[in-house]
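Notes follow once the structure below has been shown.
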Amino acid sequence: NNKNKTILVTGCAGFIGSNFVPYFLEKYTQYNLVNLDLLTYAGNLENLKESENNLNYKFIKGDICNKELVEFIFAEYDVQGVIHFAAESHVDNSIKNPGVFVQTNVNGTFTLIDVAYKYWMDKPFTYKEKYNNSRFHHISTDEVYGTLSLKLEDMFTESTPYAPNSPYSASKASSDMIVRAYNETYGMNTVITNCSNNYGPKQHDEKLIPTIIRNALKGNPIPIYGDGKNIRDWLYVLDHCKGIDLVYHNGKKANTYNIGGRNERTNLEIVNTICEILDKRVPKITSYKDLITFVEDRAGHDKRYAIDASKLENELGWKADENFDSGIVKTIDWYLKKYYSIES
Ligand code: NAD
């Protein structure tokens, strides 16, 4: 659609982006979305089936590190905004193979924002008006803040100092800093959102919740790192997408917003909850809990993450629609239907 503004979205064949694209296209008809995704092992176009025929949507296979390609996309589609999801995202992979995390998450973010800067700002004065509101929205993680004590009042806020512990979180922290610098140095209109652990439909098999569901239903051991007492703050993926939408449109320039569901759970609680739901939905003679197996802890495993989302709640009126108990039922139903043809 020629009258629409084009937003470049990256990495949307992955988990969060593929939930974001249909939500956003349905809500706004005044945007075209161009999705640049390399289709690594984590990207799957199946995730975007419902959007592939939407006239306001276009997919381009390619690497965010490819400067010529990114420049071509900006010029060809007159890109006026960026929402940047693409990343290597799995902590375990970053421990085995950190190089690709630095390449995609650091160099890739640099390439994107540098091309955006030149396209929007490095222009003769007469063009400036057009790109005045062009915004670069960087999607990041709460893992950049490191780990918390078990004291409940201890939470990550936007002013918590960065202290990343894994190669994954270090690469995300670096990319956040690059985005910050493009605002501080060049005055670019940037925003960053740092979100807690997401769960929901379309998450890659490698992540905790799909791994639990898959192993349980196959009757395989359900692996839990260490003593299972590490705490994560879980957010239903659509609530994350709604937070991104609010920040992209209404967040203050140069600001960071934390997004978290106020749903702290130990990993063991997560497994137990999923097993209890499966015991009701797909009963077996013995409980799925019998399959729980403790395995050697992840190296450098952060003990606890918890997000204080007050800024997003108070400034922009965001609130999670799902709590963990409602979101996990929706998630399990989705996996049962998709992979096991079991209807709720
Ligand atoms: P994902 O791994 O499911 O998807 C990543 C996508 O990026 C894939 O489609 C992949 O093909 C694409 N990609 C990877 N390298 C690329 C490259 N060089 N060029 C172009 N595309 C490339 O990740 P996700 O869980 O959807 O996470 C999306 C973003 O949100 C990431 O930036 C991640 O750091 C952040 N985040 C995720 C969570 C979470 O719980 N999943 C929480 C907080 C923040």
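The values are calculated or read from the model by the stated rules, or taken from the named source; none is laboratory data. Owing to the predicted nature of the structure, the values given are computational and were not obtained by experimental measurement. We place every Cβ from the backbone using ideal geometry, glycine too, and count neighbours over all the protein chains shown.
Go through the residues of the range 43-65 one by one and say whether even a single one is within 15 Å of Gln203 (Cα to Cα), near the ligand (Cβ under 9 Å from one of its atoms) and surrounded by 18 or more Cβ atoms within 10 Å (Cβ to Cβ).
yes
Please pick out the residue among Gly261, Gly243, Gly251, Gly200 that is surrounded by 22 or more Cβ atoms within 10 Å (Cβ to Cβ), under 19 Å from the mean Cα position of the chain (by Cα) and away from the ligand (no atom under 13 Å from the Cβ).
Checking each option against the conditions leaves just Gly251.
I need the full set of residues from the range 125-154 which are of a type outside the set (D, E, K, R) and touching a helix residue (DSSP H, G or I) at 6+ places or on another chain (Cβ under 8 Å), in order please.
Of everything in the range 125-154, those that are of a type outside the set (D, E, K, R) and touching a helix residue (DSSP H, G or I) at 6+ places or on another chain (Cβ under 8 Å) turn out to be Tyr131, Ser134, Phe136, His137, His138, Ile139, Ser140, Thr141, Val144, Gly146.
For a quick check of your reading of the model, give me the residue pairs whose first member lies in the range 13-25 and is more than 12 Å from Leu45 (Cβ to Cβ), whose second is of a type in the set (Gly, Ala, Ser), with beta-carbon atoms closer than 7 Å and at least 6 apart or on different chains.
Pairs that qualify, where the first residue is more than 12 Å from Leu45 (Cβ to Cβ) and the partner is of a type in the set (Gly, Ala, Ser), are Asn19/Gly200; Pro22/Ser51; Leu25/Ser51.
What single numbered condition from (1) more than 30 Å from Ile285 (Cα to Cα); (2) among the aliphatic types (A, V, I, L, M); (3) away from the ligand (no atom under 16 Å from the Cβ); (4) buried (at least 21 other Cβ atoms within 10 Å of the Cβ) fails to hold for Leu235?
Unmet condition: (3).
Restricting attention to the range 73-92, which residues are assigned to a helix (DSSP H, G or I) and under 19 Å from the mean Cα position of the chain (by Cα)?
Val91, Asp92
Might you check whether a residue that is more than 16 Å from the ligand (Cβ to nearest atom), without any contact (Cβ under 8 Å) to a residue 24 or more places away in the chain and farther than 30 Å from Ala254 by Cα occurs anywhere in the range 205-221?
yes
Within the range 134-176, restricting attention to residues that are in contact with an Asp or Glu (Cβ under 8 Å, 6 or more places away or on another chain), among the hydroxyl-bearing types (Ser, Thr, Tyr) and under 13 Å from Ile259 (Cβ atoms), which residue is surrounded by the most Cβ atoms within 10 Å (Cβ to Cβ)?
Among residues in the range 134-176 that are in contact with an Asp or Glu (Cβ under 8 Å, 6 or more places away or on another chain), among the hydroxyl-bearing types (Ser, Thr, Tyr) and under 13 Å from Ile259 (Cβ atoms), the one surrounded by the most Cβ atoms within 10 Å (Cβ to Cβ) is Ser140.
The conditions are (1) modelled with pLDDT of 95 or more; (2) buried (at least 16 other Cβ atoms within 10 Å of the Cβ); (3) within 15 Å of the ligand (Cβ to nearest atom), and Val100 fails exactly one of them. Which is it?
(2)
Being more than 9 Å from the ligand (Cβ to nearest atom) and at pLDDT below 95 narrows it down to one of Asp92, Asp78, so name that one.
Asp92
With the structure loaded, tell me whether Ile95 is crowded, with 20+ Cβ neighbours inside 10 Å and either touching a residue at least 12 places away in the same chain (Cβ under 8 Å) or in a helix (DSSP H, G or I) (or both) or whether it fails that test.
So Ile95 fails the test.
Return the pair list, or none, for Cβ contacts closer than 7 Å from residues in the range 177-194 that are farther than 18 Å from Asn250 by Cβ to residues that are within 16 Å of the ligand (Cβ to nearest atom) and assigned to a helix (DSSP H, G or I), at least 6 apart or on different chains.
Final answer for the pair search is Ile178/Thr109; Ile178/Phe110; Ile178/Ile113; Val179/Thr109; Val179/Ile113; Tyr182/Ile113.
Kindly provide the set of residues from the range 177-189 that are within 15 Å of the ligand (Cβ to nearest atom) and either of a type in the set (Ser, Thr, Tyr) or buried (at least 21 other Cβ atoms within 10 Å of the Cβ) (or both), ordered by number.
Val179
Anything in the range 270-289 that is over 23 Å from Ser341 (Cβ atoms) and either among the hydrophobic types (A, V, I, L, M, F, W, C) or touching a His at 6+ places or on another chain (Cβ under 9 Å) (or both)? List them, or say none.
Once the filter is applied, which keeps residues that are over 23 Å from Ser341 (Cβ atoms) and either among the hydrophobic types (A, V, I, L, M, F, W, C) or touching a His at 6+ places or on another chain (Cβ under 9 Å) (or both), the range 270-289 yields Ile270, Val271.
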